[in-house]
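*Asks:* Below is the structure I would like to discuss, written out as structure tokens.
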Amino acid sequence: MRATVLVRPKEGILDPQGQAVESSLRQLGFAVDEARIGRVVDLEVEAADASTARAQVERMCEQLLANPLIESYEIELLEGAG
Amino acid sequence: MTSPQPRIGVLRFPGACDDRDALWALAALDADAVFVWHSDTELPDVDAVVLPGGFSYGDYLRCGAIARFAPAMEAVVDFADSGGLVLGICNGFQILCEAGLLPGVLRRNESLSFVCRDVPLTVERSDTPFTTRCEEGQLLTIPVKHGEGNWYADDDLYEQLEARRQILLRYAGPVNGSRNDVAGVVNERGNVMGLMPHPEHAVDPLLGSADGALILSSLVESARSRTLTAV
């Protein structure tokens with residue numbers, strides 16, 4: 001089963017990468033108020049069903065993929081794929 | 001009678017680059033310093049452990065995030081849990097934070113630039129095993145060299161750390177965007193310390209400063225007194 005994890009800097013957490021990109025976009029003439037930079041992790045998970053897969057990916061996020069002090073995460077499961 | 005040399009293990013991760021300097025500095029300060037390979041599941045019989053700087057496992061995902069799961073790190077966590085002295089320098093600090101042995105997290109520098117220079121630091125406490133040779137309020141000059149030294153804790157955590165006096169070193173001026181200029185912290189029990197500056201690069205006046213030796217020799221002395229107590 002295919003899963004996509006989106007890891008984002010938490011609301012209110014300073015994101016200097018996002019700020020640098022935001023100011024570059026403005027220099028290019030785009031009207032941008034904010035840019036925040038996160039990370040995408042695409043996974044191919046072996047699991048019998050969607051709820052097992054989701055539970056597994058949640059554990060991956062808690063243990064490794066995100067640092068809960070500064071990052072939030074979202075999990076998307078693509079059922080039928082893989 | 002000569003007092004016994006304390007044995008101090010220096011962890012070697014793939015991608016570490018300051019392991020030799022750490023070993024050399026500890027040996028120069030009269031410790032029996034030995035390397036510990038990252039895939040070892042047990043620590044040799046040591047009185048203290050140092051996690052050196054570098055870019056363990058390429059710092060993929062987040063700095064320290066992968067190294068935290070190295071087999072040797074499980075042994076380090078057990079060692080720390082049983083009261084053993086653990087010092088993390090730079091990448092070692094990042095690893096200890098990711099492993100949950102130290103509070104907070106190290107993020108990209110606010111400037112997004114790598115910082116590499118001597119920085120002045122204030123010692124907040126001299127009553128920990130890592131600062132016995134320092135004085136409270138003392139100003140030390142020790143180099144930093146990092147891209148991700150911007151220490152962060154949220155308001156609740158930061159207040160707790162202040163109340164428990166877990167902030168050990170502060171930059172005397174802004175360096176990387178670190179919250180309240182925190183440069184080094186200690187765990188609640190006082191046996192695990194992490195700092196971004198590199199004391200192992202400042203143990204001889206020839207290198208510009210010997211102030212790093214105050215931190216490392218505090219560790220060596222504390223490890224030695226533990227050896228003596230054990231005997």
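Every number here is computed from the coordinates shown, using simple stated rules; none is lab data. Note that the structure is predicted; figures quoted are calculated from it, not measured. Heads up, the Cβs are rebuilt from the backbone with ideal geometry, glycines too, and the neighbour counts pull from every protein chain shown.
*Asks:* What strands (runs of 3 or more DSSP E), lying completely within the stretch B:62-137, carry at least 2 residues that are away from chain A (no Cβ under 14 Å)?
*Replies:* Numbers: elements: B:85-89, B:105-107, B:115-123.
Fully inside the stretch B:62-137 and qualifying: B:85-89, B:115-123.
Residues checked against (1) free of Cβ contacts under 8 Å to residues at least 60 places away in the same chain; (2) outside any strand (DSSP E or B); (3) more than 19 Å from B:Leu26 (Cβ to Cβ):
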residue	(1), (2), (3)
B:Tyr158	yes, yes, yes
B:Glu162	yes, yes, yes
B:Arg165	yes, yes, yes
B:Gly184	no, no, no
B:Glu200	no, yes, no
B:Leu206	yes, yes, no
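*Asks:* Return yes when A:Arg39 is in contact with an Asp or Glu (Cβ under 9 Å, 6 or more places away or on another chain) and either of a type in the set (Lys, Arg) or on the phi > 0 side of the Ramachandran plot (or both) and no when it is not.
*Replies:* Working: in contact with an Asp or Glu (Cβ under 9 Å, 6 or more places away or on another chain): yes; either of a type in the set (Lys, Arg) or on the phi > 0 side of the Ramachandran plot (or both): yes.
Against the criterion (in contact with an Asp or Glu (Cβ under 9 Å, 6 or more places away or on another chain) and either of a type in the set (Lys, Arg) or on the phi > 0 side of the Ramachandran plot (or both)), A:Arg39 qualifies.
*Asks:* Counting only residues that are surrounded by 13 or more Cβ atoms within 10 Å (Cβ to Cβ) and within 13 Å of chain B (Cβ to nearest Cβ), how many does the stretch A:37-71 have?
*Replies:* Qualifying residue count, the stretch A:37-71: 13.
*Asks:* Then there is this: What residue, of B:Ala72, B:Ala16, B:Ala31, is of a type in the set (A, V, I, L, M), surrounded by 20 or more Cβ atoms within 10 Å (Cβ to Cβ) and touching a Gly at 6+ places or on another chain (Cβ under 8 Å)?
*Replies:* Details: B:Ala72 fails: touching a Gly at 6+ places or on another chain (Cβ under 8 Å); B:Ala31 fails: touching a Gly at 6+ places or on another chain (Cβ under 8 Å).
Answer to the selection: B:Ala16.
*Asks:* For B:Glu200, only one of the following conditions fails: (1) touching a helix residue (DSSP H, G or I) at 6+ places or on another chain (Cβ under 9 Å); (2) within 16 Å of B:Gly104 (Cα to Cα); (3) buried (at least 24 other Cβ atoms within 10 Å of the Cβ). What is its number?
*Replies:* (2)
*Asks:* Still on this structure, please answer the following. I'm trying to understand the selection: among the residues of the stretch B:75-94, which are in contact (Cβ under 8 Å) with a residue 12 or more places away in the chain and either surrounded by fewer than 22 Cβ atoms within 10 Å (Cβ to Cβ) or farther than 23 Å from B:Leu140 by Cβ (or both)?
*Replies:* Of everything in the stretch B:75-94, those that are in contact (Cβ under 8 Å) with a residue 12 or more places away in the chain and either surrounded by fewer than 22 Cβ atoms within 10 Å (Cβ to Cβ) or farther than 23 Å from B:Leu140 by Cβ (or both) turn out to be B:Ala75, B:Val76, B:Val77, B:Phe79, B:Ala80, B:Gly83, B:Gly84.
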